[in-house]
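Okay, so here's the structure we're looking at.
Nothing in this text is a laboratory measurement; each read-out follows from the coordinates by a stated rule. What you see is a predicted model; the values in this text were computed from it and never measured. Virtual Cβ from ideal backbone geometry, glycine too; neighbours counted across all protein chains shown.
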Amino acid sequence: MKALILAAGLGTRLAPYTDHTPKPLFPVAGRPLLDIIIRNLEAAGCESIIINTHHLHNKIDAFLNSRQYSIPVKTLYEPVILGTGGAIKNAGAFWNNRPFIVINSDIYTDIDLSKVYRFHLDHDHTATLVLTDYEEFNNVLVGKDDSIIGFGNRCADSLPPANQENIRRLAFTGIQVLDPEILDFIPANSFSNSIDVFRQMISAGKKIHAFMPEKHSWNDLGTPEKYTETVTREAAPKAFRLAFPDYKDHEINMIRLKGDGSDRRWSRLSSEKYSLILADHGIKKELSATEADSFIAIGIHLHDRGLPVPEIILHDSFSGLVFLEDLGDMNFQTVILGAKSQSEIISWYKTVIDLLIKMSLDGGSGFDVSWTYQTPCYTEELILEKECRYFTDAFLKGYLNKDIDFNEYENEFRVIASRALEYQVKGFMHRDMQSRNIMVKEGGIYFIDFQGGRLGPVQYDLASLLIDPYVGLPSGVRSELAGYCAGRISSPAGIKADDFLQSFRYCSITRNLQILGAFGYLTRVKWKPFFEKYIPAALKSLKESLETPEGKDFPKLKSLIDNLL
């Protein structure tokens, strides 16, 4: 038995992801589809495999050169795509006088290929097509004798009403066994669709037999949705077994969770008494480090350092799927807004601040900046572009529709950026340390959404925590808690409390500018109105930051904010 794997397609339905990776190399359960198919053919007794290629063919060749198989596997490059029928004809020199298997490279299935081949040997028809009941693709017409009589609704409509009652509509799996005789029906050196060839054969009186496997799984991975669905289905049971040693395979249910500012999709997976969280970052769009890569690498690093973040149970960087420890639904915002007294609020915040200091110092130790997908460090250039210019472009122009340019305030922005870093305590910086990114489970504090982390001042994370508009702490409480942090960190960090607080106050301004830029962008561009109601609180805290002694050096910015309130 020989086999042809059809792998020349452009993968248009999977663009832009196929711009950098050919569809046959998309991984499922950590293995490229092409490798899975080759191994299945090996197990079925295949003696030799040929793979037609076109799009990113060099990557397929490189992959095959990195593998060792027990049977010969070679490629046949098509400078111009020949179609499924043309590929079969083009490989004519490869075939012998025995039936051969042809299989699509974008399917994921457990169908027994050896059983399919034996089935074909047991009848005298020229072709066997493996079919399944998959409503979305059910366009193959099967008669009562399990022979295929046509393809598509037009064919069905042309049959007499009495015949239509006996027709079953099934989907072609992309697996077929063919006699060499089929080559006589395929034109040479031209594009040819195998379905058209089958229609021609049926018209010529040739029978095509349908094979319908009994218990099996099958999925077409030709779209992002189908690919993600398949990877999730295959990975979820493994994640549960890794997380819970006594877990027995049971049905896994998925409930979509409400997201926040990110485009990531969150779900809770439940099975019996166990549950996990699934973070879907989306399929990898480029080969460089992505948000998912950073989330995985930073999350593993922080957890290994004993810091309070959810454990990453299983991850797949290419699909963007990450299975996490379930920390429940209680976030810090809910806890603080439900507190009964100011003293309770302060107590909670002191607990978080202690952990924040630990995360900065311990998380910064051994931190590899190659894990970051934005910038490795919090720098003056980042402040100017991602916070100050973000504020003018996304908030002032984009949200308020004001004709105000970054250049009008650039000199003041540069001073703010410089002073924010002058006395920084540099360590791991979360970059979005606000109450909705802190979970509370059984009295314990956990930090989430750390994918934007990098090296930078702990003062920035402290500012993010204390000026958080979702909570709206009074300025007096903010000052008390900032002083508490300065006292706790001054000795281990070797910094004077006053110097620490000076950097904190300037970081409060830069963080506030970033918040307003983000709220403007999320409201106007991403159409997420949830954030709009917090803009007044963010403006109020920025005004308060500019009314401190530091604010006198920024008269233009102070006047601007005063006029907005």
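Computed quantities for the displayed model
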read-out	value
Most to least packed among 403-410, 116-123 [average Cβ atoms within 10 Å]	116-123, 403-410
Cross-link table K284/K533; K386/K552; K441/K533; K238/K386, entries beyond 29 Å C-alpha to C-alpha	K284/K533; K238/K386
Over 20 Å between alpha carbons, listed pairs K397/K528; K402/K558; K226/K248; K23/K258	K226/K248; K23/K258
Furthest towards positive pole of dipole, L257, Y274, A239, structure part the stretch 215-291, Cβ charges	Y274
S114 paired with S475, simple spin-label distance in nm, labels 7 Å along Cα-to-beta-carbon	7.9 nm
Within straight-line cross-link reach of K526, aspartates and glutamates at Cα separation under 16 Å, skipping those fewer than 8 residues along the same chain	D260, D263, D393
Contour minus Cα-Cα distance for N138 and S288 (0.36 nm per residue)	50.1 nm
Hydrodynamic radius of the chain per Kirkwood, over alpha carbon pairs, in Å	27.5 Å
Length-normalised contact order of the chain in % [C-alpha pairs under 8 Å, at least 6 apart]	11 percent
Label-point separation in nm, D553 to A29, each point 7 Å along Cα→Cβ	6.0 nm
Volume per residue of the C-alpha convex hull in the stretch 224-325, rounded to whole Å³	111 Å³
